[in-house]
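Visitor: Dropping a structure here in structure tokens format, bear with me for questions.
Where a number appears in this text, it was derived from the coordinates with a stated rule and is not lab data. Here the structure is a predicted model, which means the values were calculated and not measured. Virtual Cβ from ideal backbone geometry, glycine too; neighbours counted across all protein chains shown.
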Amino acid sequence: MNDFILTEMTWPEVEKALKTAHMAIIPVGAQEQHGPHMKESCDSVLATEMAKRLANSLYPDVVVTPTVNMGVSPHHMNFPGTISLRPETLIALLRDMVCSLKHHGITRVLFLNGHGGNQTTLGLACTVLTQELGIACYFAKTTAAAKLAQKEHIHSTLYGHSCEREVSEAYYLAPHLVHPERLEKGDIVTGGRWEGLRPGNPIQGFYHYEEMTRNGCIGDATQASYEIGQAIVEEALAELVKAVRELLSGQQSTTEPGLLTPQI
């Protein structure tokens, strides 16, 4: 594969790469429970694998940094194994990474996020770091752009965590994350206060994940497949490649205005 992955390069190789690469992709994930059938490194591994594919498609214009393997996951803390960062901790870590990249001549940074709980913090990070450091910071969810594939293949009304979508992505990108013999539907708690606090409601707020699901997952992972994962990942990848190329060429995306969320 043609890509610039910093963890796999020597400094002379990086020096040469920086003659053409002016954007860094920082994969951001989490260490958190993913029900009985997915490993807790899921979000970090999927973010890493998507970053590698994006770098291959955008070669030689981008480099990929080491992955941030922990994220903002307080809602999962009551499930064993979850390690959560405070939002300010994640922003501080990203600040140091972006400062280092700026020192090496990088002028644009994309936080490629594999964990929904990071989104708000990454938006704030982009606002703060762009103003502090004069670096154009953007963030994107790994497969959020795969709207057509998700509409065609995902039929659960509640999905997004260790569900048929995420398990399918793992089948395609990193099958070692999945225990196929343990697949379960989400064991959803109905009538709980979480139902009134979900995104899209007039009032939103924090709730623990066990208030929503007893087994830590939602959707129906038993419906996952490699083919669904391929459709979702490849559509998302194509849209991300298009959006990044427009950014690198100095253009604004008009077809997907929210695909790469800017600093403001």
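Visitor: What nm value, rounded to one decimal, do you get for the distance between K147 and Q204 when each label is placed 7 Å out toward the C-beta?
Guide: So the label points at K147 and Q204 sit 1.8 nm apart.
Visitor: Can you find, among S156, F4, P80, the residue sitting farthest towards the positive end of the charge dipole of the chain, where Lys and Arg contribute +1 and Asp and Glu -1 at Cβ?
Guide: Of the candidates, F4 comes out farthest on the positive side.
Visitor: Now a separate question. Residues with amide H under 5 Å of F139's amide H, sequence separation 5 or more or different chain, H placed in the peptide plane at 1.01 Å from N; which?
Guide: Answer set, sorted by chain and number: F111, T261.
Visitor: Where does the stretch 174-213 land on Rg(C-alpha)/(2.2 N^0.38 Å)?
Guide: Normalised Rg, Cα atoms only: 1.58.
Visitor: What FRET efficiency, computed as 1/(1 + (r/R0)^6) with R0 = 35 Å and r the Cβ-Cβ distance, is obtained for M77 and E234, rounded to the nearest 0.05?
Guide: The calculated FRET efficiency here is 0.55.
Visitor: While we're on this one: So what are the ³J(HN,Hα) numbers for the stretch 99-106, from phi and the Karplus equation (6.51, -1.76, 1.60; θ = phi - 60°), rounded to whole Hz, Gly and Pro as x?
Guide: Listing the rounded values in order: 4, 5, 5, 4, 4, 8, x, 6 Hz.
Visitor: Could you work out how far the C-alpha centroid of the stretch 39-53 sits from that of the stretch 179-226, in angstrom?
Guide: The two parts, judged by their Cα centres, are 21 Å apart.
Visitor: Continuing with this model, one more query. Across the stretch 6-248, how many lysine pairs, 8 or more apart or on two chains, come within less than 18 Å at their alpha-carbon atoms?
Guide: 8
Visitor: Could you state the per residue volume, in Å³, of the convex hull enclosing the Cα atoms of the stretch 1-56?
Guide: Cα-based convex hull of the stretch 1-56, divided per residue, equals 86 Å³.
Visitor: So for C126, C99, fewest C-beta neighbours within 10 Å to most, what's the order?
Guide: Least to most surrounded, the residues fall as C99, C126.
Visitor: Modelling each spin label as a point 7 Å along the Cα-to-Cβ direction, I'd like the Q131/S100 distance in nm, to one decimal.
Guide: Taking the two extended label points, one gets 2.6 nm.
Visitor: The list (1) 0.99; (2) 1.14; (3) 0.94 gives values of Cα Rg over 2.2 N^0.38 Å, and only one came from this structure; which label was calculated from it?
Guide: (1)
Visitor: If pairing requires two Cys Cβ atoms under 4.7 Å apart, which cysteines of the chain are left without a partner?
Guide: C42, C99, C163, C217
Visitor: Let me ask another. With both bridge residues required to lie in the stretch 6-248, what share of the DSSP beta bridges run antiparallel, to the nearest 5%? Write down the numbers at each step before the final one.
Guide: Numbers: 5 of 23 bridges.
So the antiparallel bridges amount to about 20 percent of the total.
Visitor: Suppose a student asked you for the relative contact order of the stretch 6-248, using Cα pairs under 8 Å spaced at least 6 residues apart; what percent would you report? Write down the numbers at each step before the final one.
Guide: Numbers: 469 pairs, mean separation 56.0, N = 243.
23 percent.
Visitor: Same structure, new question: Enumerate the amide H contacts of S225 below 5 Å, restricted to partners 5 or more residues apart or on another chain; note that Pro and chain-start residues carry no placed amide H.
Guide: S168
Visitor: Quick check for me: using +1 on Lys/Arg Cβ and -1 on Asp/Glu Cβ, what's the dipole size of the chain about its Cα centre, in debye to the nearest 20?
Guide: 520
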